[in-house]
Amino acid sequence: SRSSPSKYITIQKRTVTPRLETNVIHIYNLLSNINTKKATSTADYPSWITRNNAHLLAQPITHIVNEILSNSYFPALWKQSQRTLINKEKTPHKYKDMRPIALTFHLGKITERVISDLIKCDLPKMRNQYAYTKELSTTDDLVKFSSDISAGLDKTDTVTLQALLLDFSKAFDRMR
């Protein structure tokens, strides 16, 4: 016998990814707050032009940034950087006395900031993240760490306390 056609149509479910985009107000705020004292790539135009004309540039830059987000393509030129060294000490004698910095295009920095803000919106607030967190510092972490040790030692059933401390301060201090 022939198999009869199914009475039910199976509809394939499709996951719709929300479109990542920014708005003119966000871009305007970023453009009008550019720190013009920070150096940018020598191939870039002066950042004060962008800051002083944020009201004119916000709309087209918003369109460009939204295209970057929708196409998942970051312009190669905005990724390029000029590396230079600045002194940590007044008279440097060793490489450790210098700090490497990368001079990049300020519109690339703006786009990175938009992407960072979009990612941060979706991330849960981590309870134990102190470094690189707004309004918190590593000093706050040390205070909490000391408090946790004191609280652990005050408990009568505590046999031992363990801590693992790692220092990555020089792990990324390399020029390539």
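Determine the share of segment 47-117's accessible area contributed by carbon and sulfur atoms, expressed in whole percent, with a 1.4 angstrom probe.
Carbon-and-sulfur percentage of accessible area, whole number: 54.
So if I restrict to the alpha-carbon atoms in segment 84-153, what is the Rg, and what is Dmax, the biggest pairwise distance, in Å?
Considering segment 84-153 through its Cα atoms, Rg and Dmax are 18.5, 52 Å.
S70 to T42: extension gain in nm, 0.36 nm per residue of separation minus the Cα-Cα distance?
7.2 nm
Determine the per residue accessible area of segment 41-111 with all protein chains present and a 1.4 angstrom probe, expressed in square angstrom.
Spelled out: the 1.4 Å probe surface of segment 41-111, per residue, equals 65 Å².
Ranked from highest to lowest mean number of other Cβ atoms within 10 Å per residue, what is the order of the peptides 78-91, 50-63?
50-63, 78-91
The values are calculated or read from the model by the stated rules, or taken from the named source; none is laboratory data. Just so it is clear, the structure is predicted and the values come from calculations on it, not from any experiment. So basically every Cβ, Gly included, is an ideal-geometry build from the backbone, and we count neighbours across all protein chains shown. What goes into the accessible areas is simple: the full protein's heavy atoms, side chains included, and nothing from ligands, DNA or RNA. Shrake-Rupley method; radii C 1.70, N 1.55, O 1.52, S 1.80 Å.
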